[in-house]
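Visitor: There's a structure below that I have some questions on.
Rule-based calculations on the coordinates, nothing more; no lab input. This one's a predicted model, so the numbers in the text were calculated from it and none came from an experiment. Cβ placement follows ideal geometry from the backbone for every residue including glycine, while neighbour counts extend to all protein chains displayed.
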Amino acid sequence: MLRPIRWMRRGIAPLLLRVLAAGLAFAPARAARASPEDVLGFGARASAMGATGAASAEGYEAVHANPALLSLSRERRLTLGLEGAIFDLRAGDRRLSYAPLRGSLIGATLPIPFGGALADRVTIGLGFFTPFDVVVRGRILYPETPQFPLADRTQSVAVQAALGASLGRGVRVGAGFAALAALSGSVTVATDASGRVGTLVEDTLVASYGPIVGASYDLGAYRVGATFRGELVGRFNVVIHAEDLGGIAVPPLNIAGIAQYDPAELALEVARVKGPWKVAIGATYKRWSDYPGAVEATVRCPEVDPDTGEPFTGSCSAPAPAAPGYSDTVVPRVGVERSLALRPGATAHARGGAFLEPSPAPEQTGASNVYDNARLGLSLGYGLALAAPLPRLTLDLFTEVQLLLPRAHQKRERDDPRAAAGGGGVVRARGVLVAGGTTVGVAF
């Protein structure tokens, strides 16, 4: 996107401050961030069952949970839905205000009509989640400002596509990708022939990708599933250039960092998939220790030596943000579904689930107040599936409550004397996330 030049009769220093502040609006707070499907689950059925699915996913939800299970879908089906969440997040005696999540969900499965040995074996799946208000949200706040980046982690577009295939003898494999939005751009500050100072802003919205690979094996009424989801990074990089400012030399300033981040994950699950009772038990390993931190260096070493035009090989002392010190986590999950035939062609499903997600973030002992808590998730849902002789429709609903387990942050008085003086050096963070949604699917 190219925005027109806007010339202003202002001093150079105030203008640079305004441009820098505008650039900072693109940058996120220093905390772990992840896409909405990583926080809430993807799809009404999966979210109702504790975000399980590596061995138990059905339909378009397998795009995220395990692409191998797409091969179980033998009908073309389109699913549309709505999803939302509200947040009640508190630090000490202060409630922090965050906008609710509101978005739409689209899912589709499309069996490929191969013949011969590949007949009824290969299916393509698509999954999209789109917030109504944003494409991707990234903010930067002073680290001393109390904040819960969890609320911003759900505010991004999720795009996923995959293909699943049955190899026979109960073996299924699948692969696909997930995509996040990334931003690249520049801001040029310069003077024209009349001495007026103005800015030229150019920015481009691009996509970053992460792989999803899955496999499953059926053994009687049971199934074992495994899914690997690669690291998914939604970066932004806005470079501020100052030119022809009356002899004032200003180095390029990089407003850069990570707006959204999904760590590499490995999900393992065992599920009973036949009979009126379906149960899934699994765990997801998340490699948060690779998280580099949300903010990158503002001033960087040059890539090219300005004197020789050759690649820069000299010494450079450009400061870099400290590593965030995150740790790997393991998330246990359980989900259950009870099916009940109401009449020929109509089946009802009652669902429930739970998970416990530890926090990868270290305790906030210094001046920083970027809070992240372990979360206990509890979910319920209902589904109604119609088949011939009735119209081939599905209706699914879910509600999910995530309790941010209370966490005490013992402040060092030398780093945060205000907290020590006002609350004995301890800040207690806690909160609740409540989500819900509904989807309607039609086969054709």
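Visitor: Answer rounded, prolate or oblate for segment 39-82, using the Cα gyration tensor with square roots of eigenvalues a ≥ b ≥ c: rounded when a/c is under 1.5, else prolate when a/b is larger than b/c, else oblate.
Guide: It is oblate, given that a/c is not under 1.5 and a/b is not larger than b/c.
Visitor: If you don't mind, another one. Taking every pair of Cα atoms in segment 91-134, average 1/r, invert it to obtain the Kirkwood radius, and report Rg/Rh to two decimals.
Guide: So for segment 91-134, dividing Rg by the Kirkwood Rh gives 1.44.
Visitor: In which sequence would TYR222, TYR142, TYR326 go, from the one with the fewest C-beta neighbours within 10 Å to the one with the most?
Guide: On the way: TYR222 14, TYR142 11, TYR326 22.
By the 10 Å Cβ count, ascending: TYR142, TYR222, TYR326.
Visitor: Provide the FRET efficiency to the nearest 0.05 for the ALA323-ALA346 pair, computing r from the beta carbons and using R0 = 60 Å.
Guide: It comes out at approximately 0.60.
Visitor: Rounded to the nearest 0.05, what FRET efficiency do GLN410 and ARG94 give with R0 = 25 Å and r taken as the Cβ-Cβ distance? Could you check?
Guide: With R0 = 25 Å, the Cβ-Cβ based efficiency is 0.90.
Visitor: Distance between the C-alpha centers of segment 185-234 and segment 30-108? Whole Å please.
Guide: Comparing the Cα centres of segment 185-234 and segment 30-108, I get a distance of 18 Å.
Visitor: Express in nm, to one decimal, how much length is gained between ILE112 and ARG287 on full extension, taking 0.36 nm for each residue of separation and deducting their alpha carbon distance.
Guide: Values: separation 175, 0.36 × 175 = 63.00 nm, distance 3.48 nm.
Residue separation times 0.36 nm, minus the Cα-Cα distance, leaves 59.5 nm.
Visitor: Label segment 143-222 by shape, choosing from rounded, prolate and oblate, from the square roots a ≥ b ≥ c of the eigenvalues of the Cα gyration tensor; if a/c is under 1.5 it is rounded, and otherwise prolate applies when a/b is larger than b/c, oblate when it is not.
Guide: Oblate is the answer for segment 143-222, as a/c is 1.5 or above yet b/c matches or exceeds a/b.
Visitor: Can you tell me the alpha carbon radius of gyration of segment 84-225 divided by the globular rule-of-thumb value 2.2 N^0.38 Å? Let's see the in-between values first.
Guide: On the way: Rg = 23.2 Å, N = 142, 2.2 N^0.38 = 14.5 Å.
Ratio of Cα Rg to 2.2 N^0.38 Å: 1.61.
Visitor: Now a separate question. In µm²/s, what is D for segment 162-289 at 37 °C and 0.692 mPa s, where D = kT/(6 pi eta Rh) by Stokes-Einstein and Rh is the Kirkwood radius from Cα pairs? Don't skip to the end; give the middle numbers.
Guide: Values: Rh = 18.8 Å.
The Stokes-Einstein estimate is 175 µm²/s.
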